[in-house]
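The values are calculated or read from the model by the stated rules, or taken from the named source; none is laboratory data. Remember, it's a predicted structure, so these values are computed and weren't measured experimentally. Here the Cβ is made from the backbone with ideal geometry for all residues, glycine too, and neighbour counts use every protein chain on show. Heavy atoms of the whole protein, side chains included, go into the accessibility calculation; ligands, DNA and RNA do not. Shrake-Rupley method; radii C 1.70, N 1.55, O 1.52, S 1.80 Å.
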Amino acid sequence: MADTRVALVTGGSRGIGAEITRQLVARRLNVVYTYRSGRREAAALAAELGPSACPAHFDLGDAASAEALVEAALSRWGRLDSLVLNAGMWQGGRLERVNPAVWASVIETNVVGSAQVARAALPALCGGDTASITVVSSAVGIVGFSGDTAYASAKAALVGFARSLAKEVARDGVRVNVLAPGFVATDMTAEIPERSRERILDDLVLRRPGTAQEVATAAVFLAEDATYCTGTVLSVDGGWTL
Ligand SMILES: NC(=O)c1ccc[n+]([C@@H]2O[C@H](COP(=O)([O-])OP(=O)(O)OC[C@H]3O[C@@H](n4cnc5c(N)ncnc54)[C@H](OP(=O)(O)O)[C@@H]3O)[C@@H](O)[C@H]2O)c1
């Protein structure tokens with residue numbers, strides 16, 4: 001088996017996931033990163049990062065394709081050491097105004113989709129030396145946010161998922177940790193209405209949004225360096241949850 005560690009990052013075409021991909025490649029890992037609609041952005045990142053970074057199409061709504069995704073990483077590099085479940089979607093709205101089918105799809109996409117990628121990756125991760133799964137949750141899943149019941153439920157569920165999985169796979173040499181970012185300047189937060197942005201900024205002890213780079217550094221720490229952490233929830237949120 002080749003010596004170079006291999007990571008799979010979901011949602012790597014932009015935002016936090018693209019930054020995690022950059023930092024993992026800078027750490028000399030080979031990385032498969034996924035895109036759904038951002039084919040052009042994913043190709044631009046591949047051109048920027050060179051042969052250590054490989055884009056793959058993946059839709060969290062098509063959980064059945066998770067196995068093909070893991071297979072793509074294995075056939076390209078022969079091993080898998082680190083899985084970063086970063087891909088996610090946000091849909092806001094007060095409970096009474098969100099269509100139940102839309103509400104359920106937020107859970108289905110964010111929770112079921114990510115869990116199926118972890119499920120597909122486990123056989124490869126368990127066969128390695130030291131492996132990790134890093135699940136990207138959110139401060140909103142910890143403190144809640146008015147107008148965000150679906151997204152907050154999904155992100156809270158991911159914490160329970162990760163902490164349970166950490167107990168299931170510790171003996172197989174796999175650490176599972178959670179990253180809980182706060183308010184980060186990406187395309188996702190660009191969709192948030194101005195009034196809500198002001199409410200969030202009021203709650204941030206550090207008085208500013210985080211950057212994708214700051215969050216990615218913490219993700220790489222959990223994935224690659226935090227060898228005595230499993231089941232940890234690391235908040236990177238400017239003091240939002242303080
Ligand atoms: N930004 C924040 O303030 C913040 C705070 C807390 C937590 N988070 C979490 O951090 C993660 C990354 O957020 P971000 O701000 O970087 O988001 P972003 O800029 O909107 O990027 C989202 C990424 O996920 C992919 N994606 C979206 N829906 C998908 C689906 N159904 N199937 C597969 N991939 C999908 C996108 O792919 P395409 O572009 O190719 O479609 C993109 O690569 C998410 O899990 C988010 O919930 C973000």
| remark: Amide H contacts under 5 Å for Trp240, restricted to residues at least 5 apart in sequence or on another chain and with H modeled in the peptide plane, are Val205
| field | Loop sites in the range 57-140: trypsin sites (Lys or Arg not before Pro), DSSP, at most 10 other Cβ within 10 Å | value | Arg94
| query | What are the residues whose amide H is under 5 Å from the amide H of Gly147, where those residues sit 5 or more places off or on another chain and H is modelled from the backbone? | reply | Leu95
| What's the FRET efficiency of Cys229 with Ser105 using the Cβ-Cβ distance as r and R₀ = 25 Å, to the nearest 0.05? | 0.20
| task | Sketch the reach of a paramagnetic label on Glu48 as a point 7 Å from Cα along Cα-to-Cβ, and name the residues of the range 210-237 whose backbone nitrogen lies under 15 Å away. | result | 211-217
| request: Compute the signed sum of charges (Lys and Arg +1, Asp and Glu -1) over the other residues within less than 14 Å, Cβ to Cβ, of Leu24. | output: -1
| said: Please list, in order along the range 68-76, the HN-Hα scalar couplings obtained from phi with the Karplus expression 6.51 cos²θ - 1.76 cosθ + 1.60 (θ = phi - 60°), rounded to whole Hz, x for Gly and Pro. | reply: 5, 5, 5, 4, 4, 5, 5, 6, 6
| note | Taking a probe of 1.4 Å and leaving out DNA, RNA and ligands, the range 6-236 shows per residue an accessible area in Å² of 46
| field | Amide H partners (placed H, <5 Å) of Arg175, local residues excluded | value | Ala131, Ser132, Ile133
| task | Kindly state, to the nearest 0.05, the FRET efficiency for Glu194 paired with Leu95, given R0 = 22 Å and r defined as their beta-carbon distance. | result | 0.50
| When the gyration tensor of the chain is built from Cα positions, what are the square roots of 5 times its three eigenvalues, in whole Å, from largest to smallest? | 28, 18, 18
| note | With all protein chains present, the range 125-242 has a carbon and sulfur share of its accessible area (1.4 Å probe) in percent of 53
| said: Helix 15-26 against the longest principal axis of the chain: what's the angle in degrees, Cα atoms only, rounded to the nearest 10? | reply: 30
